[in-house]
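Okay, structure first, notes after.
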Amino acid sequence: MRVVLISAASAALLLACSPPAQRPETPPETNAVAACNSVTPNAGQQVAIVDAVASAAEAADLRGGSIAPGVYDLVSATRGGAATGWTGTRAVALEVSESEAGGVTFNWSSAAPDGAVDSWTGSFTEAPQPRLRFTCGRVGEAPAAFEARANTLQLTLQDGAGGRLALAFQRRG
């Protein structure tokens, strides 16, 4: 009996001296990406940006037009000059809306195959020259050129790296 009491006392003493159970570490906080809009790209329609040397005349050939409101999917993307842009492929949707006052808003959303999402919103103006002024997700503004037809939109955006992105969109049916 004495052996049992000594064993029990030793076990109690040992437990009292043991460090407390460790709590699982909480995962580090991740940087939240601002959700500028609710546009959803077609994940099955991944587009790779290609490098090309485009002349200034090609950008000037875009003749404007009336951009129909709706959602457009990217069908091709070309990087010219020192333009920045994504690597690999991305699915991109561009929603074009027009306010009662005539203002045009572009809502962009893109997704990489791994699920990484990028979105921005900008107001698009044609006068005195076409420009895109970012209001969410990006900062500043970019000179632009565009050509709109019944179900297509070609958009060329200048970027801060001294290049341009030529983007071709097809309107969703």
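Where in the range 98-173 are the strands (runs of 3 or more DSSP E), entirely inside, with at least 3 residues that are surrounded by fewer than 16 Cβ atoms within 10 Å (Cβ to Cβ) and touching a residue at least 60 places away in the same chain (Cβ under 8 Å)?
Once the strands (runs of 3 or more DSSP E) in the range 98-173 are filtered for at least 3 residues that are surrounded by fewer than 16 Cβ atoms within 10 Å (Cβ to Cβ) and touching a residue at least 60 places away in the same chain (Cβ under 8 Å), nothing remains.
Restricting attention to the range 63-76, does a residue exist that is at pLDDT below 85, over 17 Å from the mean Cα position of the chain (by Cα) and either surrounded by 15 or more Cβ atoms within 10 Å (Cβ to Cβ) or in a strand (DSSP E or B) (or both)?
At the first step, the residues of the range 63-76 found to be at pLDDT below 85 are 63-64.
Of the ones still in play, those that are also over 17 Å from the mean Cα position of the chain (by Cα) are 63-64.
So of that shortlist, the ones also either surrounded by 15 or more Cβ atoms within 10 Å (Cβ to Cβ) or in a strand (DSSP E or B) (or both) come out as 64.
There is at least one residue in the range 63-76 that is at pLDDT below 85, over 17 Å from the mean Cα position of the chain (by Cα) and either surrounded by 15 or more Cβ atoms within 10 Å (Cβ to Cβ) or in a strand (DSSP E or B) (or both).
The values are calculated or read from the model by the stated rules, or taken from the named source; none is laboratory data. What you see is a predicted model, and the numbers here were worked out from it, not measured in a lab. With ideal geometry, Cβ positions are generated from the backbone for all residues, glycine too; neighbour counts draw on all protein chains shown.
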